[in-house]
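Following: one structure in structure tokens, then a few remarks.
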Amino acid sequence: LETKKLNEEREYLDWLNPTELKRVMQYAFRVDGNNGRLLYSHYKKYLLNPVSCTAIALMLTTGRRTKSEVSSLKWDNYKGGYKPKLVYAKTKTSKINKLHEFRIGKKAVDVLQAIARDKFNNRDSKFWFSPNDERNNYIFPSKDYGRRLGVKKKGSMPYIQDCRKTWKELLRLAGIDRHLKLYTTRHTFASNYYINNNDVKGGAEALGTTVQTFNKYAKVLNDKVVEGIDRIDFDEVETQPQLKQVK
């Protein structure tokens, strides 16, 4: 084989189908129905890190890149209100496509609002730190920041660096036994977006990519489609047995 072909990188485009997406989200993002904060009993039961889980939930619901656009996300990057969006100084492709702002759907807003409620109303929150702590600026703060992690080594980043352990555990809990990279979250958003939309151009804009790149992510271009990001179903539906009416 030619050296070029021998060392050619294989394109990685695996993704979570709609059923798998619901199952992963069921474990990644759970809210207490009484106060709208994160349901810590759920995360404790399954030994899950709520910071990493919610970061993964935001990746799945926005399609944003893992490290540069989610892990390091600051509260200043999130603009709520009537048209919620994420705003960046730059992205991996912003020099090419000039895109710095990305609208987000209702489920992504739910994730961010639940984190905010937890952070500002719960002193035991994994997202809460003292007022002068730099981690307060970040949506997904690192518990290891400033801590001694080994010989002559300290945590240097105020935000989380690696969610892969939590990602693997979420896949295991969801019954998904094939190996999936964390970057699959971006492919999953693209593919599920196209399942539920008839707008390739809109999908490319949502991801901040070209139409050609979006078409590579979207694996189901010939499937029946409908409109809107918010029609992507992120929640597991609990079914109840039918009761027969007694006359």
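The values are calculated or read from the model by the stated rules, or taken from the named source; none is laboratory data. Keep in mind that this is a model prediction, so the values were computed, not measured. Don't worry about glycine lacking a Cβ; one is built from the backbone with ideal geometry, like all the others, and counts go over all protein chains shown. For accessibility, only protein heavy atoms count, side chains too; no ligands or nucleic acids. Shrake-Rupley method; radii C 1.70, N 1.55, O 1.52, S 1.80 Å.
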Step through the table entries Lys45/Lys126; Lys45/Lys181; Lys143/Lys181, compare each Cα-Cα distance with 21 Å, and write down the pairs that go over it.
Lys45/Lys181; Lys143/Lys181
Could you tell me what percent of the accessible area of segment 35-82 is made up of carbon and sulfur, with a 1.4 Å probe and every protein chain present?
52
Above 27 Å lies some portion of the pair distances; for segment 68-225, what is it as a whole percent of all C-alpha pairs?
36
Using a 1.4 angstrom probe, figure out how much accessible area segment 17-81 has per residue, in square angstrom, rounded to the nearest whole.
41
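Report, to two decimal places, the Cα Rg of segment 118-163 normalised by 2.2 N^0.38 Å (N = number of residues).
That works out to 1.19 for segment 118-163.
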Taking a ≥ b ≥ c as the square roots of the Cα gyration tensor eigenvalues, with a/c under 1.5 meaning rounded and otherwise prolate when a/b beats b/c, else oblate, which class fits segment 59-131?
prolate
For a 23 Å ceiling on Cα separation, which of these pairs sit above it: Lys67/Lys168; Lys98/Lys168; Lys83/Lys216; Lys22/Lys201; Lys83/Lys201; Lys22/Lys74?
Lys98/Lys168; Lys83/Lys216; Lys22/Lys201; Lys22/Lys74
Per the Kirkwood treatment, what hydrodynamic radius in Å, one decimal, follows for segment 100-192 from the mean inverse distance over all distinct Cα pairs?
15.9
Using only the Cα atoms of segment 1-134, what do you get for the radius of gyration and for Dmax, in Å?
17.8, 63
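Using the Cα atoms as the points, what is the convex hull volume per residue of segment 139-214 in Å³? Don't skip to the answer; put the middle values down first.
Details: hull volume 12.0 nm³, N = 76.
Looking at segment 139-214, the number lands at 158 Å³ per residue.
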Using +1 on the beta carbon of Lys and Arg, -1 on that of Asp and Glu, and nothing else charged, what's the dipole of segment 1-157 about the Cα centre, debye to 20?
320
